[in-house]
Amino acid sequence: MSDTVSPRLHPHEQNDQGPSRKRIRTGMETIRELDSLINQESVKTKLRRIAAQDKEKNIPFNPICTETTLEACRIVREKCDKAHYEPIIRPWTDTSLGYCSYLNLCYGDPMFANNPSLGEGNGPRGGVKECRYMHFQVVPSTSSTPKTPPVIPPLPKNVKKRLLGEKIDEYDPPPVPQWVNCDIRTFDYSLLGQFQVIVADPPWDIHMSLPYGTMTDDEMRSLPLRSLQPDWGILCLWVTGRAMELGRELFSVWGYKRVDELVWVKTNQLQRLIRTGRTGHWLNHTCEHLLIALKLPADHPKNAPIPWDTHPTLRQLRKGVDTDVVVAEVRETSRKPDEVYGVIERLAPHGRKLELFGRKHNTRPGWLTLGNQLGDSQIAEEDLHDRLAQKYPNQRFVFVSV
């Protein structure tokens with residue numbers, strides 16, 4: 001007879017132990033099944049995505065291994081066909097200090113000193129010549145053939161038409177970037193015409209020290225954005241900090257209604273969350289927000305529903321193709337992810353597109369960019385070039401024939 005004394009259980013507890021565990025197990029399986037169903041792409045969503053993207057090139061892509069470094073990867077697997085990072089060990093590197101916060105955006109490592117993403121002038125480390133923290137470089141994949149996305153045959157024209165709607169606007173954008181170097185506060189916007197899409201990344205006064213000049217709230221309110229768009233035009237506004245509330249106020253002042261919001265989650269070279277952002281009084285911000293609004297007609301009641309399914313302009317928008325989150329690596333100061341342009345162009349593939357407060361890295365085929373750091377202006381629309389040259393005879397506007 002054993003001397004071990006088993007704990008005495010109430011008869012109900014004895015009877016319920018088995019069934020209770022079984023119920024818990026069944027409940028967890030149900031939750032996993034529901035989660036799988038919720039996150040599964042619907043047939044309609046998949047078809048709309050294919051219809052919107054079938055003209056894009058299949059660019060070879062070699063992803064970074066989730067283990068980050070080759071050394072860590074070899075601990076868990078023998079072979080891996082993905083790319084990895086390896087530490088750069090300099091004579092002055094102190095590995096006990098850990099990773100550099102700026103990684104490939106640090107001026108303190110010779111490999112990254114001339115990184116075009118750093119721009120000009122002193123960097124975030126104040127021009128330090130030798131950074132003692134660890135930096136990394138990419139180790140190519142051992143696979144000689146990069147991964148290529150599967151080739152998806154194009155959908156029939158009648159299927160695309162049903163999924164994406166009619167092409168009403170016949171505007172054919174120039175295949176080259178256009179830009180105008182100007183002071184956005186005083187520029188004569190009547191020269192430009194109208195745009196179906198406007199994207200703006202204003203130099204908000206967010207009450208923090210920033211490496212560029214800012215605009216006051218009143219200067220932002222006075223911008224004549226409403227005159228630059230037809231009814232139901234799309235305005236996308238980058239905001240952060242206090243500008244999140246100010247941006248919503250400006251929509252009301254300009255006669256727009258916010259309809260959605262995209263979030264850019266910032267990552268560093270190692271694909272980890274950025275923790276060295278300049279913005280944020282209380283918490284260190286790791287993301288930025290792109291507010292998306294529609295220009296309301298003057299006679300449209302403020303709280304009336306938007307006629308998504310009946311108005312021709314709104315019917316040609318390609319809704320439901322992309323998600324509202326972009327995870328992308330940070331680059332130059334104020335430079336936004338290229339993926340965001342793709343989201344906007346798929347949402348509104350028709351009509352002219354304008355970007356305000358842009359720099360040279362923002363210029364993009366099919367877009368007109370305005371900013372005060374663009375150098376000599378470049379224009380591909382002949383009538384626009386003539387109007388600009390006549391209004392500003394002392395400024396150089398390079399005409400590009402396409």
Complete set of residues in region 71-111 that are buried (at least 16 other Cβ atoms within 10 Å of the Cβ) and part of a helix (DSSP H, G or I):
73, 103, 104, 105
Can you name every residue in region 333-342 that is in a helix (DSSP H, G or I) and either open to solvent by less than 40 Å² (accessible area, probe 1.4 Å) or in contact with a Leu (Cβ under 6 Å, 6 or more places away or on another chain) (or both)?
340, 341, 342
Residues of region 188-200 satisfying the condition of being in a loop (DSSP other than H, G, I, E, B) and open to solvent by 30 Å² or more (accessible area, probe 1.4 Å):
188, 193, 194
So residue 293 passes all but one of these: (1) buried (at least 19 other Cβ atoms within 10 Å of the Cβ); (2) small (Gly, Ala, Ser); (3) assigned to a loop (DSSP other than H, G, I, E, B). Which condition number does it fail?
(3)
How many residues of region 227-245 are in contact with an Asp or Glu (Cβ under 6 Å, 6 or more places away or on another chain) and at pLDDT below 95? The answer is 1
Looking at this structure, is residue 266 modelled with pLDDT of 90 or more, outside any helix (DSSP H, G or I) and of a type in the set (Lys, Arg)?
yes
Condition first: of a type outside the set (S, T, N, Q) and in contact with a helix residue (DSSP H, G or I) (Cβ under 6 Å, 6 or more places away or on another chain). Now tell me which residues in region 251-278 satisfy that.
253, 254, 255, 258
Exactly one condition in (1) surrounded by fewer than 21 Cβ atoms within 10 Å (Cβ to Cβ); (2) in a loop (DSSP other than H, G, I, E, B); (3) of a type outside the set (S, T, N, Q) is false for residue 244; which is it?
(2)
Does residue 345 count as free of Cβ contacts under 8 Å to residues at least 40 places away in the same chain, not β-branched (Val, Ile, Thr) and not in a loop (DSSP other than H, G, I, E, B)?
yes
Residue that is surrounded by the fewest Cβ atoms within 10 Å (Cβ to Cβ) [pool: residues in region 344-377 that are under 28 Å from residue 213 (Cβ atoms) and hydrophobic (A, V, I, L, M, F, W, C)]:
374
Within region 378-402, track down each residue that is in a loop (DSSP other than H, G, I, E, B), open to solvent by 40 Å² or more (accessible area, probe 1.4 Å) and of a type in the set (A, V, I, L, M, F, W, C).
402
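The values are calculated or read from the model by the stated rules, or taken from the named source; none is laboratory data. These numbers were taken from a predicted model, which means no experiment stands behind them. Using ideal geometry, Cβ is built from the backbone for each residue, glycine included, and neighbour counts are taken over all protein chains shown. Ligands, DNA and RNA are excluded from the accessible area calculation, which covers all protein heavy atoms including side chains. Shrake-Rupley method; radii C 1.70, N 1.55, O 1.52, S 1.80 Å.
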